[in-house]
Structures are given as C-alpha cells and as structure tokens.
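Asks: Before we start, here is the structure in question, set down as structure tokens.
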Amino acid sequence: DNQDSCDWNYDINSVGDGTTSALYAAASYEITDSLTIDAGVRNENHEIEYTVDEGLDGVITKAVSYDETSTAWTVGANWMFSDQQGVFVRVSDGSKMPFFDDFRDNFSAYQDGEDLIKEVSQYELGYKLASDNFELYATGFFNEVKGDTFVTQPGAPAQVLTNEAYGVELDLNYYTDGGFSLNLNSTVQETEITESPTNKGNEAQRQPSWQVRMTPSYDIDFSNGMYATIYGTIS
C-alpha cells in the first residue's frame with residue numbers, strides 16, 4: 001500500500017525586537033614590574049519583544065515581553081617570574097542572555113517562570129613560556145553553567161540543566177629561521193550534567209572529551225620581493 005511520509009512541517013511567521021544596554025568598567029594595576037592585577041565589571045539590561053505565528057494562520061501562538069538585568073565580573077593576576085615565563089590566575093562570573101530562538105525553543109520553561117539566563121562561572125590557572133622560536137600556553141580550567149536548556153524533541157517541555165567541566169587547554173607555537181612554523185591547539189576535558197530531571201550524571205551535550213588542531217606552514221620569500229605561505233590544518 002502507499003504511505004505518505006515527511007508530511008510534518010513547522011512553518012512560522014515571527015517578528016521580534018531586541019535591545020541590550022550595558023555599562024562596564026575595567027582597570028589594571030602594576031603592583032611590581034613582574035606582578036599585575038586586573039578587574040572588570042559589566043552591568044547589562046536586556047529587553048525582548050517577540051511574537052510567533054505558528055502555522056501561518058494569523059494567530060499568535062507565542063508572545064514574549066522580556067526585561068532582565070544581569071551583572072558580570074572578572075578578577076585576574078599575572079606574575080612574570082622570569083623574562084620568558086609567567087603564571088596567571090583568573091576568576092570570572094557572567095551570563096548569556098536569551099534571544100529569539102531561545103524563547104521559541106524553550107517557551108514552556110519561559111512560561112513557567114524561567115528567565116532563560118545562562119549563568120557561567122569559570123576559574124583558570126595558567127602557565128606561559130615565550131622564547132625566540134617557541135611559545136607555550138597551558139591553562140587549567142573549571143567552569144559551571146547554570147540554566148542551560150535541553151529539548152528532547154520539538155514540542156516537548158524544555159529541561160533546565162546545570163553543566164560542569166574541567167580540563168586543560170594547550171597552545172603551542174614553534175618557529176624556525178628557515179620559514180617553517182607549527183601551531184598546535186588542544187583541549188582535554190571532563191564534563192558532567194550535575195542537575196537535570198532525566199540526564200544527571202551524563203556528559204554535557206556537544207562537548208567532546210578531547211580535540212586537537214595542528215597547523216603547519218611554510219613561508220617562501222622570492223627574489224623579486226614577493227612571498228607566499230603554504231599551510232594546512234589537521235583537526
């Protein structure tokens with residue numbers, strides 16, 4: 001028998017307007033020639049007016065009137081204990097405000113009183129080394145994201161999650177006098193969903209446990225003054 005397939009669609013007509021206003025300040029201070037501290041703060045107001053007509057029948061099925069304010073801050077210190085080596089530490093607390101798609105995808109959570117603001121806290125401790133032809137940056141990190149959302153399928157209620165991650169990020173740059181250079185960037189991390197109705201204990205979605213990107217390149221100088229670069233990337 002004949003059977004129709006793929007007869008489901010999701011046609012919308014949506015109109016929205018968003019305004020973000022922010023006031024921020026940053027400062028740094030050299031305690032000694034080798035020790036520097038810095039701090040920053042940012043206050044943000046976020047307003048969204050948004051309507052959605054699902055089905056193109058002229059009936060508004062989703063309406064949003066949103067006005068929220070959030071404050072972010074960061075504090076860091078950098079100590080160069082030699083001419084070529086240093087360590088740094090940083091603590092940051094901030095947020096990511098929702099926009100049009102966030103409201104449409106998580107409208108049930110918005111109706112239930114969720115402000116859909118992702119609150120992000122991060123701690124970093126790093127080491128850096130810079131020589132004539134070699135640079136190395138290693139950063140250990142821990143972060144927590146509160147208010148992340150997950151929808152199992154279109155139309156299902158949005159789940160509000162808390163995610164945690166810790167790991168190490170490495171950046172390496174190597175140069176030679178002959179024109180060859182190499183850039184290496186890699187991240188190794190462990191992630192976990194620490195709060196969720198059904199996914200607690202799982203890894204965070206779309207966050208790989210490791211990734212590596214390597215880019216070798218070669219610079220060529222021609223006798224007429226022109227030059228070229230040959231490069232490739234493996235990831």
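Asks: Since N143 meets every condition but one in (1) free of Cβ contacts under 8 Å to residues at least 24 places away in the same chain; (2) under 19 Å from K96 (Cα atoms); (3) part of a loop (DSSP other than H, G, I, E, B), which condition does it not meet?
Replies: With respect to (1) free of Cβ contacts under 8 Å to residues at least 24 places away in the same chain; (2) under 19 Å from K96 (Cα atoms); (3) part of a loop (DSSP other than H, G, I, E, B), N143 is out only on (3).
Asks: Here is a follow-up. One residue is enough: does region 161-173 have a residue meeting the conditions in a strand (DSSP E or B) and open to solvent by 90 Å² or more (accessible area, probe 1.4 Å)?
Replies: There is at least one residue in region 161-173 that is in a strand (DSSP E or B) and open to solvent by 90 Å² or more (accessible area, probe 1.4 Å).
Asks: Condition test on S108, is it touching a Pro at 6+ places or on another chain (Cβ under 6 Å), outside any strand (DSSP E or B) and farther than 25 Å from F142 by Cα?
Replies: Taking the combined requirement at face value, the residue satisfies it.
Asks: Here is a further query. Just checking, which of S209, S131 is among the polar types (S, T, N, Q) and in contact (Cβ under 8 Å) with a residue 24 or more places away in the chain?
Replies: Of the residues listed, the single one that is among the polar types (S, T, N, Q) and in contact (Cβ under 8 Å) with a residue 24 or more places away in the chain is S131.
Asks: Output the residue which, of all residues in region 199-235 that are closer than 30 Å to Q159 by Cβ and not in a loop (DSSP other than H, G, I, E, B), is most open to solvent (accessible area, probe 1.4 Å).
Replies: Residues of region 199-235 that are closer than 30 Å to Q159 by Cβ, as a first pass: 199-211.
Cutting the leftovers down to not in a loop (DSSP other than H, G, I, E, B) gives us 210-211.
Values: W210: 164, Q211: 100 Å².
Step by step, filter region 199-235, then rank; the result is W210.
Asks: Sticking with this structure for a sec: Have a look at G94, G86 and point out the one that is in contact (Cβ under 8 Å) with a residue 40 or more places away in the chain, assigned to a strand (DSSP E or B), closer than 30 Å to P157 by Cβ and small (G, A, S).
Replies: G94
Asks: Then there's this: If we scan region 3-24, do we find a residue that is surrounded by 10 or more Cβ atoms within 10 Å (Cβ to Cβ), in a loop (DSSP other than H, G, I, E, B) and touching an Asp or Glu at 6+ places or on another chain (Cβ under 6 Å)?
Replies: No, region 3-24 contains no residue that is surrounded by 10 or more Cβ atoms within 10 Å (Cβ to Cβ), in a loop (DSSP other than H, G, I, E, B) and touching an Asp or Glu at 6+ places or on another chain (Cβ under 6 Å).
Asks: Considering only residues of region 5-49 that are of a type in the set (F, W, Y) and modelled with pLDDT under 95, which is farthest from A72 (Cα to Cα)? So that I can check it myself, show each step before the final result.
Replies: Just the residues of region 5-49 that are of a type in the set (F, W, Y), to begin with: 8, 10, 24, 29.
Now restrict to residues that are modelled with pLDDT under 95: 8, 10.
On the way: W8: 42, Y10: 37 Å.
Out of the qualifying residues, it is W8.
Asks: Just one of (1) open to solvent by 40 Å² or more (accessible area, probe 1.4 Å); (2) in a strand (DSSP E or B); (3) of a type in the set (S, T, Y) trips up S70, so point out which.
Replies: Against the list (1) open to solvent by 40 Å² or more (accessible area, probe 1.4 Å); (2) in a strand (DSSP E or B); (3) of a type in the set (S, T, Y), S70 comes up short only on (1).
Asks: Can I ask one more? On the basis of being open to solvent by less than 50 Å² (accessible area, probe 1.4 Å), polar (S, T, N, Q) and closer than 22 Å to P197 by Cβ, does T149 make the cut?
Replies: yes
The values are calculated or read from the model by the stated rules, or taken from the named source; none is laboratory data. These figures come from a predicted structure and were not determined experimentally. Here the Cβ is made from the backbone with ideal geometry for all residues, glycine too, and neighbour counts use every protein chain on show. With ligands, DNA and RNA removed, areas are computed over all heavy atoms of the protein, side chains included. Shrake-Rupley method; radii C 1.70, N 1.55, O 1.52, S 1.80 Å.
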